[in-house]
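The values are calculated or read from the model by the stated rules, or taken from the named source; none is laboratory data. No experiment lies behind these values; they were computed from the predicted model shown. As a convention, Cβ positions derive from the backbone with ideal geometry for all residues, glycine included, and neighbour counts pool all protein chains shown. Surface areas here come from the heavy atoms of the whole protein model, side chains and all, with no ligands, DNA or RNA. Shrake-Rupley method; radii C 1.70, N 1.55, O 1.52, S 1.80 Å.
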Amino acid sequence: MGRYKGYIMVVIAACLWGVSGTVAQRLFEEDGISMRWLVTIRLIISGILFILYGLFNKNLRQEVFEIWKHRSFIGQFFIFGIVGMLGVQYTYFAAIDEGNAAVATLLQYIAPVFIMFYYILKTKGMPTIYEYLSVTMALSGTYLLLTNGSFDSLAIPLMGFTWGVLSALALAFYTIYSDHLIRQFHSVLVVGWGMLIGGISISFIQSPFAVNFSGWTTLTWVFVVFVILFGTLIPFFLFIDSLRYISAKESSLLSCSEPLASVLTSVLWLHVPFGFIQGLGTILIIGMVILLTVSPKKIEENLEKSVHGETG
């Protein structure tokens, strides 16, 4: 029974991450919410909530401020918070703002390919047939998403595609760089401090107070709260807690429901055009993630961490 509970928790978490991207797109398009402001407020509030959770959790309380007692970790946390956490959040939401949530989420899912290349170069190993095939699937899927099969025009704006690829690179860096920190501190605290550092950093460019609430409707408030709580805090805890019942490999496979949730809500709710060929691209990218996860090679242990890091 516990395993099924874990499965349900991962699927709910992944779906919430996917839907939150679509909700963010709606906020950008129909409510005129600034992408930079949403990134700033999401990082700051979520970071504070994660840290407060640590303070009220008797098992984490002693560890909350431990990082500030070690000079070597302070620099690492600032790099993680600014380049990793802020980098992932900013590029992902920029991809949504310039394109759409469905494609942004799918493009972020090619991160395992970049992680795979990193570990191949690091270990100086030769790619396996699984890895050659996964790269082919990722490139083919990305091409179909970008063009919808047409050589003459792009199915999504070029800037949306560019930000999406940068989001995948940022997620790859986030995953690889956070590995050492998560071995030293609880993942809740790593993510919490990373978010708060990233949010404060971007505040120098985009003030969290520079927002006009006069045009906000009740739905606007509901959607902003949804992105912060149901798109960040709740799915993160569901995903982490699920690992008590199921393996990291199983959670990685089930988290592929995130792009599916994003595509379905984008098409059915926001009426985002999504062609048949783009659907094939979606299948190829999700298939690539599954292939790398079930690959028998040792490198899969590192790839499992990439979906999610967790970023949402």
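So which of L219, L260, L270 is closer than 30 Å to T147 by Cβ, over 18 Å from the mean Cα position of the chain (by Cα) and either modelled with pLDDT of 90 or more or not small (G, A, S) (or both)? Within the list L219, L260, L270, the selection yields L270.
The one condition from (1) within 26 Å of F114 (Cβ to Cβ); (2) open to solvent by 10 Å² or more (accessible area, probe 1.4 Å); (3) not in a loop (DSSP other than H, G, I, E, B) that F223 does not meet is (1). Residues of the stretch 204-220 that are outside any loop (DSSP other than H, G, I, E, B) and either free of Cβ contacts under 8 Å to residues at least 12 places away in the same chain or open to solvent by 70 Å² or more (accessible area, probe 1.4 Å) (or both): F213, S214, T218, L219. Confirm whether S252 is surrounded by 18 or more Cβ atoms within 10 Å (Cβ to Cβ), of a type outside the set (F, W, Y), closer than 30 Å to G149 by Cα and without any contact (Cβ under 8 Å) to a residue 60 or more places away in the chain. Yes, satisfied.
Here S134 fits the description: in a helix (DSSP H, G or I), of a type in the set (S, T, Y) and closer than 17 Å to I286 by Cβ. Tell me whether the stretch 100-112 contains one or more residues that are in contact with a helix residue (DSSP H, G or I) (Cβ under 9 Å, 6 or more places away or on another chain) and surrounded by fewer than 24 Cβ atoms within 10 Å (Cβ to Cβ). There is no residue in the stretch 100-112 that is in contact with a helix residue (DSSP H, G or I) (Cβ under 9 Å, 6 or more places away or on another chain) and surrounded by fewer than 24 Cβ atoms within 10 Å (Cβ to Cβ). Scanning the stretch 135-188 for residues that are over 15 Å from the mean Cα position of the chain (by Cα), among the β-branched types (V, I, T) and either loosely packed, with under 15 Cβ neighbours inside 10 Å or within 19 Å of Q76 (Cα to Cα) (or both) yields a total of 3. Checking every residue in the stretch 116-131 against the condition of being within 23 Å of I44 (Cα to Cα) and in contact with a helix residue (DSSP H, G or I) (Cβ under 8 Å, 6 or more places away or on another chain) gives zero matches.
When W17 is tested against the conditions (1) more than 30 Å from I110 (Cβ to Cβ); (2) open to solvent by less than 10 Å² (accessible area, probe 1.4 Å); (3) not basic (K, R), the lone failure is (1). The residue list F239, F230 contains one member that is in contact (Cβ under 8 Å) with a residue 60 or more places away in the chain, open to solvent by 50 Å² or more (accessible area, probe 1.4 Å), within 30 Å of I67 (Cα to Cα) and in a helix (DSSP H, G or I), which is F230.
Candidates are the residues of the stretch 285-312 that are in contact with a Leu (Cβ under 7 Å, 6 or more places away or on another chain) and either open to solvent by 20 Å² or more (accessible area, probe 1.4 Å) or modelled with pLDDT under 65 (or both); the one that is nearest to H186 (Cα to Cα) is G309. The number of residues in the stretch 43-75 that are within 21 Å of F236 (Cβ to Cβ), in a helix (DSSP H, G or I) and open to solvent by less than 50 Å² (accessible area, probe 1.4 Å) comes to 9.
Within the stretch 80-87, one or more residues are within 12 Å of the chain's Cα centre (by Cα), hydrophobic (A, V, I, L, M, F, W, C) and crowded, with 24+ Cβ neighbours inside 10 Å. Inside the stretch 107-138, residues that are touching a Ser or Thr at 6+ places or on another chain (Cβ under 6 Å) and of a type outside the set (G, A, S) make up a count of 4.
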